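Participant: Dropping a structure here in C-alpha cells format, bear with me for questions.
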Amino acid sequence: MRLDRFLCESTGLTRSVAKKALHRGDVTVDGLVVKKSDQQINGQEVRLEGRLLVAPGPRYLLLHKPAGYISSTQDEDHPCVLQLLPPELRRGLQCAGRLDVDTTGLLLLTDDGQWSHRLRSPKKACNKVYQVDLSDPLASDVTQRFAEGVELHGEDKATLPATLEVLTPTRVLLTIQEGKYHQVKRMFAAVGNHVMGLHRLQIGDIVLDDSLAPGEWRHLTAEEIASI
Ligand code: URA
C-alpha cells in the first residue's frame, strides 16, 4: 500500500492533509523521515509526529478481562475494557461477545462486524468454556440436566445441550454453545446453585493464554481469525 493511502486510512486524514504532513517531514517509516507519497508500506513501522500508526484493515484482539471492567460502552460506575488498550488501537473496536462486569477471562474485540456476527451466531455453535466457582457443591443430577437443557427464567426454549467437567465439588468447567444474557449464572440459578466466580477460558479454538495477566492483550493469529 502507498504511504499516503496508509496515512489516510489509519488516521482518517484527507489525502491533501496527509500529503502536507509528508511534505513537512512529520512522517517516519522505520525511524527515517519519508516525504514520498508513493513509498510502498508493507509491515514497516509508520509514525506521524512520533505517534505510531496502526495498519489499516480489520483488527482482532484477545484481552484477558479483569473484574471491574464493562465490555459495553462506558457507564458511570465502571471503566470500559477499551481503556485497557492503547488509544491508537481503540477506534471502531467492539466486543465480540460480552462478559459481565464481575466475569474475568477471554474477551475478543474486533472492528470486523461479520466476523463478530459469525462468532456470536447460534448457528455456528461456537463452544465457550467457562470455569465456574459455585456457592454450593454441585448436585449429582446437574450434569444430566445441563446435557438435556434447562429452562431459564423468562425464556420459552430450553438451553442447548451443555457439558460439565467437575474439578472439585464447587468448581466446574462448563461448555455452552449459546451466549444468552447472564447465561451461566442463570443456568446455575435454574438448578438451585449460585455462581460466585466466573472465568472464560476458551471460545471455539481460541484459548486464553496462561501468560496473559489480567488486563493484558494480544493480536489474534491468522489461524485463530480463520477458525471462526
Ligand atoms: N454467562 C454469564 O452469566 N455471565 C458472563 O459474563 C458470561 C456468561
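Laboratory data are not the source of any read-out in this text; all were calculated from the coordinates shown. Just so you know, these numbers come straight off a predicted model, no measurement behind them. Cβ sites come from the backbone with ideal geometry, for glycine too, and all protein chains shown count toward neighbours.
Participant: How big is Rg to Rh over segment 127-203, alpha-carbon atoms, Rh as the Kirkwood inverse-mean-distance radius?
Facilitator: 0.91
Participant: OK, next. About its Cα centre, how strong a charge dipole does the chain have in debye, to the nearest 20, once Lys and Arg get +1 and Asp and Glu get -1 at the Cβ?
Facilitator: The dipole of the chain has a size of about 1060 debye.
Participant: Ordered by residue, what ³J(HN,Hα) values in Hz, to whole numbers, does segment 218-224 give under the Karplus form 6.51 cos²θ - 1.76 cosθ + 1.60, where θ = phi - 60° and Gly and Pro are x?
Facilitator: The phi angles translate into 8, 6, 6, 7, 4, 5, 5 Hz.
Participant: Please compute, over every Cα-Cα pair in the chain, the percentage with a separation greater than 24 angstrom.
Facilitator: Across the chain, Cα pairs with separations above 24 Å total 54 percent.
Participant: Right, here's the next one. Gap in Å between the Cα centre of segment 55-133 and the Cα centre of segment 27-52?
Facilitator: Cα centroid to Cα centroid, the span is 30 Å.
Participant: Of Leu52, Ala21, Ser227, which is farthest on the positive side of the dipole of the chain, counting Cα position, with +1 on Lys and Arg Cβ, -1 on Asp and Glu Cβ, and the Cα centre as origin?
Facilitator: Ala21
Participant: Please give the residues of segment 139-166, grouped as numeric ranges, whose backbone N is less than 12 Å from a label point set 7 Å along the Cα-to-Cβ vector of Leu201.
Facilitator: Correct set: 164-166.
Participant: Can you give the calculated 222 nm mean residue ellipticity of the chain, where each DSSP H run of n ≥ 4 adds -39,500 (n - 2.57) and the sum is split over every residue, rounded to the nearest 500 deg cm²/dmol?
Facilitator: Numbers: 7 runs with 51 residues, N = 228.
Roughly -5500 deg cm²/dmol at 222 nm, from the helical runs in the chain.
Participant: Right, next: Normalising by the residue count of the chain, find the relative contact order in percent from Cα pairs under 8 Å and 6+ residues apart.
Facilitator: 20 percent
Participant: Here's a follow-up. What FRET efficiency, computed as 1/(1 + (r/R0)^6) with R0 = 41 Å and r the Cβ-Cβ distance, is obtained for Ala189 and Ser16, rounded to the nearest 0.05?
Facilitator: Once the sixth-power term is evaluated, E becomes 0.10.
Participant: Once phi is turned into θ = phi - 60°, what whole-Hz ³J(HN,Hα) does the Karplus curve with 6.51, -1.76 and 1.60 give for every residue of segment 194-205, x standing for Gly and Pro?
Facilitator: For segment 194-205, the Karplus curve yields 9, 7, 9, x, 9, 9, 8, 9, 7, 10, x, 8 Hz.
Participant: Then there's this: Which lysines, if any, have their Cα less than 17 Å from the Cα of Lys20, not counting same-chain residues under 8 positions apart?
Facilitator: The reachable lysines, counting only those whose Cα sits under 17 Å from Lys20, are Lys35, Lys36.
Participant: Distance check, please: which entries in Lys128/Lys185; Lys157/Lys180; Lys123/Lys180; Lys124/Lys185; Lys128/Lys180 exceed 18 angstrom between their Cα atoms? Don't jump to the answer; show the numbers that get you there.
Facilitator: On the way: Lys128/Lys185 14 Å; Lys157/Lys180 12 Å; Lys123/Lys180 14 Å; Lys124/Lys185 23 Å; Lys128/Lys180 12 Å.
Flagged as over cut-off: Lys124/Lys185.
Participant: Using DSSP, restrict attention to beta bridges with both residues in the chain and report what percent are antiparallel, rounded to the nearest 5.
Facilitator: Values: 39 of 42 bridges.
Of all bridge pairs located within the chain, approximately 95 percent are antiparallel.
Participant: If a paramagnetic tag sat 7 Å from the Cα of His153 along the Cα-Cβ line, which residues of segment 97-130 would have the backbone N under 12 Å from that point?
Facilitator: none
Participant: Using just the alpha carbons, could you tell me how many Å³ per residue the convex hull of segment 97-228 encloses?
Facilitator: Convex hull volume per residue, Cα atoms: 118 Å³.
Participant: Between Asp209 and Glu223, 0.36 nm times their residue separation minus their Cα-Cα distance comes to what?
Facilitator: Full extension of this stretch gives 3.5 nm more.
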